[in-house]
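Below: the structure, in structure tokens.
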Amino acid sequence: MAKVSMKLFTDLLYDEYKHKNIATTVKNNPVYHVAPLVKLTKEQNYILTEGDGQTEDQYKQINSSTGLAVNYYKLLEELGAITDLVFENKIAKPLKKGGRFANLDVSYNRDGILYFVESKFLEPYYSGNETIKGSYIDVSKYPIEVEDNKEEWRKLFLQSTEFVYYNFSQLCRHLLALYRYTHGIKGSLYNGEKVVLQSVTWEMTERFMDKLEEQNRIEMNERIVHLKNEANKCQKIINSFIEKIGWKNMAFQTLHYNDMLGDIKLSKHYVEFCNRYFLTELQ
């Protein structure tokens, strides 16, 4: 029996793409590319090609969480539901020295609220929460913006050890970068708007599960329950933290793409989006 892995899931997706006659370009196994549903602007394409953590055309890979986000939010943009859509938004570096910028998969404006999104597709089903680096629990590494509540930040990062699968560590790093962005870091364009950090994940469907062998289905069902519990815990911890440090105009949400399909249902690309990511047989 093939073990649960990125390759197993990618091959499963590729078989479905072939079955549905969705055109792909085979780079090398297990890398298969598919064109985005909506044409990107030159700026968006450049960022996705040249951005930190991106390889060339990575967003076109059929198993890419960035690709899932690009296709979903470009449909929203095309429908006029959102504005100021940016991919791989480098808002700030979490720590005061060194390290990489926090790359938020998506940012956009909706009804005057600024949304920042960390997108996940298949990763939660074959990988786990990252081990937090020591620099994130060393208060001497923290930026000046968190000087008044640095011990609370340290306690937040220490809670990452409580998560097995859900990407709590990464979300805390994004949260710290957003705190700097909204609290006067040089170069910030923030102007007092309400801000929402969203962790948006794809929830494995029964149709996808049916493609797996029995033992893998058992493992996935157990993991799905674990992920739901950890997502609820993550939302509670982070929102309690936001309230505790008195962070105004800030909120955190955990969501599933599965529950957001209604927002793109009027798109002419809705059927193909569902066929690609939810293995539907819509016409």
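The values are calculated or read from the model by the stated rules, or taken from the named source; none is laboratory data. It should be emphasised that the depicted structure is a prediction, and the values quoted were computed from it without experimental measurement. Cβ sites come from the backbone with ideal geometry, for glycine too, and all protein chains shown count toward neighbours.
Could you check, for the range 203-216, whether at least one of its residues is free of Cβ contacts under 8 Å to residues at least 24 places away in the same chain and of a type in the set (K, R)?
No, the range 203-216 contains no residue that is free of Cβ contacts under 8 Å to residues at least 24 places away in the same chain and of a type in the set (K, R).
Based on what the data block shows, is D138 out of contact with any helix residue (DSSP H, G or I) (no Cβ under 9 Å at 6 or more places or on another chain), over 30 Å from M209 (Cα atoms) and of a type in the set (D, E, K, R)? It would help to see each step written out before you state the result.
Details: out of contact with any helix residue (DSSP H, G or I) (no Cβ under 9 Å at 6 or more places or on another chain): no; over 30 Å from M209 (Cα atoms): yes; of a type in the set (D, E, K, R): yes.
Considered against the rule, which asks whether it is out of contact with any helix residue (DSSP H, G or I) (no Cβ under 9 Å at 6 or more places or on another chain), over 30 Å from M209 (Cα atoms) and of a type in the set (D, E, K, R), D138 comes out as no.
Return the only residue of N129, N109 being surrounded by fewer than 17 Cβ atoms within 10 Å (Cβ to Cβ), touching a residue at least 12 places away in the same chain (Cβ under 8 Å) and not in a helix (DSSP H, G or I). Outline the logic, then answer.
Values: N129 fails: surrounded by fewer than 17 Cβ atoms within 10 Å (Cβ to Cβ).
After applying the criteria, what remains is N109.
Assess whether G98 counts as being in contact with a Ser or Thr (Cβ under 9 Å, 6 or more places away or on another chain) and part of a loop (DSSP other than H, G, I, E, B). Walk me through how you get there before you give the answer.
Values: in contact with a Ser or Thr (Cβ under 9 Å, 6 or more places away or on another chain): yes; part of a loop (DSSP other than H, G, I, E, B): yes.
Considered against the rule, which asks whether it is in contact with a Ser or Thr (Cβ under 9 Å, 6 or more places away or on another chain) and part of a loop (DSSP other than H, G, I, E, B), G98 comes out as yes.
Based on this model, can you work out whether N63 counts as touching a Pro at 6+ places or on another chain (Cβ under 9 Å) and crowded, with 19+ Cβ neighbours inside 10 Å?
Working: touching a Pro at 6+ places or on another chain (Cβ under 9 Å): yes; crowded, with 19+ Cβ neighbours inside 10 Å: yes.
In short, yes.
So H174 ticks every box in (1) part of a loop (DSSP other than H, G, I, E, B); (2) at pLDDT 95 or above but one. Which box is left unticked?
Looking at each condition in turn, H174 falls short on (1).
Return the residues of the range 212-236 that are crowded, with 16+ Cβ neighbours inside 10 Å and not in a helix (DSSP H, G or I); say none if nothing qualifies.
The answer is L212, and nothing else.
Determine which member of the set L79, L68 is within 18 Å of H269 (Cα to Cα), surrounded by fewer than 19 Cβ atoms within 10 Å (Cβ to Cβ) and at pLDDT 95 or above. It would help to see each step written out before you state the result.
Working: L68 fails: surrounded by fewer than 19 Cβ atoms within 10 Å (Cβ to Cβ).
The match here is L79.
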